[in-house]
Amino acid sequence: MEMNGVENKNRGVRVLDNSEYNKEIEASWRRAFYFLLGPKTDVLIINAIDDAKWRYVPEEITTSKSPIIFYGHESENTLLRKKHPLAPYFFQKNGVYVNIPFKIENVINSYQKIHEGKKIENPAAKLWAKKQTTENLISCLLHDLKPSKMNDHEHTNRLLIVAKQHFDISGTPENVYEELEILSNQEHKKGSREPISQSTLPGIFCDIDGTLLIDQKLNTNLWTKLEEHSQQKAVTLWTG
């Protein structure tokens, strides 16, 4: 299978679970996908329940061309508000988030939608989530790159790789720390009203208060239209 014209050499059902039950969970996912879709299924499955374990998103996720299915207990919007490190990847063309508990057929349908190129990417939500998680990532790197925490050379080297991968910052740990401090100050000065994009973002944007909700009542006609449009375009609800 190919996505976006790029062949993925890491085929099969792969699970990144970050828990002690990873092997058992991976075996269950493999059986489900193999039984329903066949042995050549290409998918990356991510347990997004513990956000602390995903503080530094692995390259396997950031560069994947395969369909990615994230799952967890909380809603997608809740994880977005909590600045979950994986949130930006929920909204890209090859990603989808599903709530636990879920029906396996719904997960399969989401996979097929991605596989067939029918998943609608939401650039606005992706950019907003990226802005929020970037601030958190900088804070985490500054915390973990403090001189008092750099006794573990292997961990420090992983942090330097993350800084290079996400911010194109390289050098000694001390130099990287200084560059991240400058970047952190710049992010704080921008504030929440700084535009997240200088270009026009595609999709449909609907204000909640006074438009979708009028006197705390749902505008059902508008909601129906938004559901219809969401089959062809990214729909983003906003307020403020």
Quiz item: With respect to residue 94, is the statement that it is out of contact with any Asp or Glu (no Cβ under 7 Å at 6 or more places or on another chain) and polar (S, T, N, Q) true?
Solution: yes
Practice problem: Restrict the check to the stretch 171-182 and report whether at least one residue is in a loop (DSSP other than H, G, I, E, B), farther than 23 Å from residue 89 by Cβ, touching a helix residue (DSSP H, G or I) at 6+ places or on another chain (Cβ under 6 Å) and at pLDDT 85 or above. | Solution: no
Self-check item: Matching residues, the stretch 121-136, being closer than 16 Å to residue 62 by Cα and among the acidic types (Asp, Glu)
Solution: 121
Practice problem: Considering each of 188, 155, 166 in turn, give the residue that is under 23 Å from residue 124 (Cα atoms) and at pLDDT 80 or above. | Solution: 166
Self-check item: Filter result (surrounded by 14 or more Cβ atoms within 10 Å (Cβ to Cβ) and in a helix (DSSP H, G or I)) within the stretch 60-103
Solution: 60, 61, 76, 79, 80, 87, 88, 89, 90
Self-check item: Qualifying positions in the stretch 201-240 - polar (S, T, N, Q) and either farther than 16 Å from residue 126 by Cβ or part of a helix (DSSP H, G or I) (or both)
Solution: 211, 216, 219, 220, 221, 224, 231, 232, 239
Quiz item: Considering the stretch 49-76 alone, what residues qualify as being closer than 24 Å to residue 235 by Cβ and within 12 Å of the chain's Cα centre (by Cα)?
Solution: 68, 69, 70, 71, 76
Quiz item: Looking at residue 27, is it without any contact (Cβ under 8 Å) to a residue 40 or more places away in the chain, farther than 30 Å from residue 142 by Cβ and either of a type in the set (A, V, I, L, M, F, W, C) or out of contact with any Gly (no Cβ under 6 Å at 6 or more places or on another chain) (or both)?
Solution: yes
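The values are calculated or read from the model by the stated rules, or taken from the named source; none is laboratory data. Quantities reported herein were computed from a predicted structural model and do not represent experimental measurements. Positions of Cβ are backbone-derived with ideal geometry, glycine not excepted, and every protein chain shown enters the neighbour counts.
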